[in-house]
Amino acid sequence: MKNAIAIHSLSYSYGNFSVLSAISFKVEQGIFFTVIGPNGSGKSTLMKILAGILKFKKGKISIAGKNLKKYSGRELARHVAYVPQTISAEFPFTVEEFVLLGRSPHQGMLGINSEEDHLIADQAMDFTDTGTLSQKKIDRISGGERQRVFIARAVCQQPEIMLLDEPASSLDLAHQVKLMDLLERLKNETGITIIMVSHDINLAAMYSDAMILIKNGSVIKQGTAAEVIKPSILEDIFGCPFFVDTNPAGNSPRISPIPAKFKLNRRAPHAS
Ligand code: ADP
Ligand code: MG
C-alpha cells in the first residue's frame, strides 16, 4: 500500500510555545483516518501544516511521495483539500460561485470556468445535497448547510486527500451521520484519502480504518479503533473514567464517560 502522507519527526511552535513535538506517522492511500485527542493537543495545528497554511521548520512531510516543501500552493491544492474547523460566513459569493472556487487550482491564471468546471461543481453540489442552495448567498444559509457547502467546494477541488477539521461538530445527530456517510461514500467511490479531526470518539470509531490519538503534541497511540479506544489508554489521556463496549450498530468500540455517581458501581464487579 502506498502512503498518502508520511510525517517524520515533525515539530511545531507558535513563537516559543511548542505545540507538536517530533510527531511521526503514516496514512495509507484511500483510507478513512481520524485524529483524536483532547482540546489543545495540536490537532488543528497539524491539519493547517498538512494544508500548507502553517510553515514548519523541523521534520519532514511527504504528500503523495513528494516533499511538502517542494509543492507550490496551486500544486498542493490539486492534491489536498482542506475544510477548516472554523467556517466563516464572510464571503461575498453565492453557494455555486463558492463551490466553483474549488476549480481554481486546476485553471489557468485567468480563472475562467469551463463547461467541465460547471459540471464538476454541479456534481459536487448534488453529492453534498447543496444543489437547491446554489443561488443563495453564503451568509444567508444555516451553519450546517454552510458546512456542507465547504465540503462541496473541497469535493469540487477533486483532491487525492481531504483534510477535515471537526466537520461534524456543529451538526445535529442526523446530519452528523449523513455527513460521515457522505465522506465514506466519497472514499469508496473515488479512492480519496480522508483525514479527519474529531473529538467525537464514537463517531470516529464507526468510520475509521485507522486513527491516531495525540496529547500535548505527541502521538500516544496509533492503530485501528479497537486498538486505540481502550479505557487503559483513554482514561489517562482525558483524565476521566470510561466504559468501553461494542457499538450495536456495527463492530466498532463504543465509549461512555462514567458520571461520578456511577463510579462505585463500576468497581463492584471487581470487588466481589
Ligand atoms: P486542538 O485543535 O487539538 O484543540 P490546536 O492545534 O488548535 O489544538 O492548538 C494547540 C495549542 O496551540 C493550544 O494550546 C492553542 O491555544 C495553541 N494555539 C493555537 N493556535 C495558536 C496561534 N495562532 N498562536 C498561538 N498559539 C496557538
Ligand atoms: Mg482544533
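For residue 1, the criteria (1) surrounded by fewer than 20 Cβ atoms within 10 Å (Cβ to Cβ); (2) in a strand (DSSP E or B); (3) more than 10 Å from ligand 1 (Cβ to nearest atom); (4) not β-branched (Val, Ile, Thr) hold in every case but one, which is (2). In the range 86-105, which residue that is open to solvent by 70 Å² or more (accessible area, probe 1.4 Å) and more than 20 Å from the chain's Cα centre (by Cα) is nearest to ligand 2 (Cβ to nearest atom)? Selected residue: 90. Tell me, which residue of the range 231-252 that is aliphatic (A, V, I, L, M) and in a helix (DSSP H, G or I) is most open to solvent (accessible area, probe 1.4 Å)? The residue in question is 233.
There is at least one residue in the range 141-162 that is out of contact with any helix residue (DSSP H, G or I) (no Cβ under 9 Å at 6 or more places or on another chain) and surrounded by fewer than 18 Cβ atoms within 10 Å (Cβ to Cβ).
Among the residues making up the range 37-83, those that are within 19 Å of residue 151 (Cβ to Cβ) and touching a residue at least 40 places away in the same chain (Cβ under 8 Å) are 43, 44, 47, 50, 51, 77, 78, 79, 80, 81, 82, 83. Right, residue 228: among the β-branched types (Val, Ile, Thr), closer than 19 Å to residue 41 by Cα and surrounded by 13 or more Cβ atoms within 10 Å (Cβ to Cβ) or not? So residue 228 fits the description; yes.
The values are calculated or read from the model by the stated rules, or taken from the named source; none is laboratory data. Since we're looking at a predicted model, the values are computed, not measured. Cβ atoms come from the backbone with ideal geometry, glycine included; neighbour counts cover every protein chain shown. Please note that ligands, DNA and RNA were not included when accessible areas were found on the heavy atoms of the full protein model with its side chains. Shrake-Rupley method; radii C 1.70, N 1.55, O 1.52, S 1.80 Å.
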